[in-house]
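Some notes on the structure that comes next.
Since every read-out is calculated from the coordinates, none of them should be taken as a lab result. These numbers were taken from a predicted model, which means no experiment stands behind them. Counting neighbours? That spans all protein chains shown, and the Cβs are built from the backbone with ideal geometry, glycine included.
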Amino acid sequence: MKERMQKLTESEIQSILERYPEWKLESNDGLQSFHFEKKFSSFQTAFSFITKLALVSESLDHHAEIWNVYNLVRLKLYTHDQNGLTKRDEAFIEQVMKPN
C-alpha cells in the first residue's frame with residue numbers, strides 16, 4: 001500500500017511551476033492537477049518520450065493520464081488517492097524533465 005502523502009502547499013506548487021515552466025496548473029471542480037503539452041518533431045520522438053513516461057511511472061508507482069495524437073503528447077498529473085497534488089507529482093515531473 002502506498003504511503004499517504006500530504007498535499008502540496010500553494011508555495012510548493014508555485015515553486016514547481018517556476019522550475020518547470022512547461023507545466024501548467026489547472027483546477028476543475030476543486031481538483032488541482034498539473035498539465036503538460038508538447039509537440040515533438042515526429043511520432044517517433046513523441047513515442048520515445050511516452051516510453052520515458054512509462055519507465056518513470058513504473059519506477060515511482062505513479063501514473064499520469066497520457067494522450068497522444070501523432071507528434072502531440074498531453075499529460076494530466078495528480079495524486080488520485082489524495083485527490084490533489086503531492087510530492088509524488090513533484091518527483092514525477094523532476095524525473096520526466098531530466099535530460100536523457
>> Using Cα springs under 10 Å in a Gaussian network model of the chain, which residue among 53, 25, 77 shows the largest mean-square fluctuation?
In response: 25
>> Using the crude model of +1 on Lys and Arg Cβ and -1 on Asp and Glu Cβ, and no other charge, please compute the dipole size for the chain relative to its Cα centre, in debye to 20.
In response: 280
> Using 0.36 nm per residue, how much length does the chain from residue 91 to residue 60 gain when fully extended, once their Cα-Cα distance is taken away?
Replying inline: 10.4 nm
> Helix by helix, which DSSP H runs in the chain go 18 Å or more along their axis at the Cα atoms and have an average Kyte-Doolittle hydropathy of 0.0 or more?
Replying inline: 43-60
> When the chain is fully extended, how far beyond the present Cα-Cα distance does residue 48 get from residue 9, taking 0.36 nm per residue of separation?
Replying inline: 10.8 nm
> Hey, if you put +1 on the Cβ of every Lys and Arg and -1 on every Asp and Glu Cβ in the range 32-97, which of 95, 66, 44 ends up farthest toward the positive end of that dipole?
Replying inline: 44
> Which whole-number percentage describes the relative contact order of the chain, with Cα contacts under 8 Å and a sequence gap of 6 or more?
Replying inline: 31
> Two-decimal Rg/Rh of the chain from alpha-carbon positions, Kirkwood Rh?
Replying inline: 0.96
> What relative contact order, as a whole-number percentage, does the range 54-100 give when Cα pairs under 8 Å and 6 or more residues apart are counted?
Replying inline: 32
> Excluding the sites themselves, what is the longest stretch of the chain that contains no GluC sites (Glu not before Pro) in a DSSP loop with at most 16 other C-beta atoms within 10 Å?
Replying inline: 23-100
>> For residue 38, give me every one of the lysines with a C-alpha distance below 29 angstrom, ignoring sequence neighbours fewer than eight places off in its own chain.
In response: 7, 24, 52, 76, 87, 98
